[in-house]
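Asker: Handing you this structure, nothing more for now.
The values are calculated or read from the model by the stated rules, or taken from the named source; none is laboratory data. If you're wondering where the values come from, they're calculated on a predicted model, not measured in any experiment. Here the Cβ positions follow ideal geometry from the backbone for every residue, glycine too, while neighbour counts run over all protein chains shown.
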């Protein structure tokens, strides 16, 4: 099996079977973002305790890239400190620019090919931008 095929399967698995889709009852940091270029929308919710992302969930409408990225991101940041989560967001941005990066949560690497399609980079980074805004909000 080719690497591109494997990556496509990982992306489609997260799209069809999203992890952490839904919303929290009770207190959480909540960020709504959209990509007006293509219509992708996400609402990210995070429960933050003692400087760590205890849990993250999302709701949204969008393409397979946008929603699979949100699924992967919410899984990847669970249990991370806010600084670790921000570093992951920076690494993801680097990957979108074609920089070689590695992730502890390997599914994220399936999105590395998106950087060949500039119009789709905003789809892949929407959830990560919401993460940054949520962490900013949590720190204040």
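Asker: Looking at 98, 79, 51, 60, which is the one that is more than 23 Å from residue 26 (Cβ to Cβ) and either without any contact (Cβ under 8 Å) to a residue 12 or more places away in the chain or surrounded by fewer than 22 Cβ atoms within 10 Å (Cβ to Cβ) (or both)?
Answerer: Exactly one of 98, 79, 51, 60 is more than 23 Å from residue 26 (Cβ to Cβ) and either without any contact (Cβ under 8 Å) to a residue 12 or more places away in the chain or surrounded by fewer than 22 Cβ atoms within 10 Å (Cβ to Cβ) (or both), namely 98.
Asker: Hey, another quick one. Could you look through the stretch 66-83, keep only residues that are more than 14 Å from the chain's Cα centre (by Cα) and outside any loop (DSSP other than H, G, I, E, B), and pick out the one that is farthest from residue 121 (Cα to Cα)?
Answerer: 81
Asker: Hey, another quick one. Does residue 71 count as buried (at least 17 other Cβ atoms within 10 Å of the Cβ) and modelled with pLDDT under 95? Working first, answer last.
Answerer: Working: buried (at least 17 other Cβ atoms within 10 Å of the Cβ): yes; modelled with pLDDT under 95: no.
Criteria not met by residue 71.
Asker: Answer with yes or no whether residue 11 is within 17 Å of residue 138 (Cα to Cα), surrounded by 13 or more Cβ atoms within 10 Å (Cβ to Cβ) and touching a helix residue (DSSP H, G or I) at 6+ places or on another chain (Cβ under 7 Å). Let's see the steps before the verdict.
Answerer: Details: within 17 Å of residue 138 (Cα to Cα): no; surrounded by 13 or more Cβ atoms within 10 Å (Cβ to Cβ): yes; touching a helix residue (DSSP H, G or I) at 6+ places or on another chain (Cβ under 7 Å): yes.
The answer is no for residue 11.
Asker: Separate question: Which ones in the stretch 121-140 are touching a helix residue (DSSP H, G or I) at 6+ places or on another chain (Cβ under 9 Å), farther than 11 Å from residue 44 by Cα and surrounded by fewer than 19 Cβ atoms within 10 Å (Cβ to Cβ)?
Answerer: Passing the criteria: 121, 122, 138, 139.
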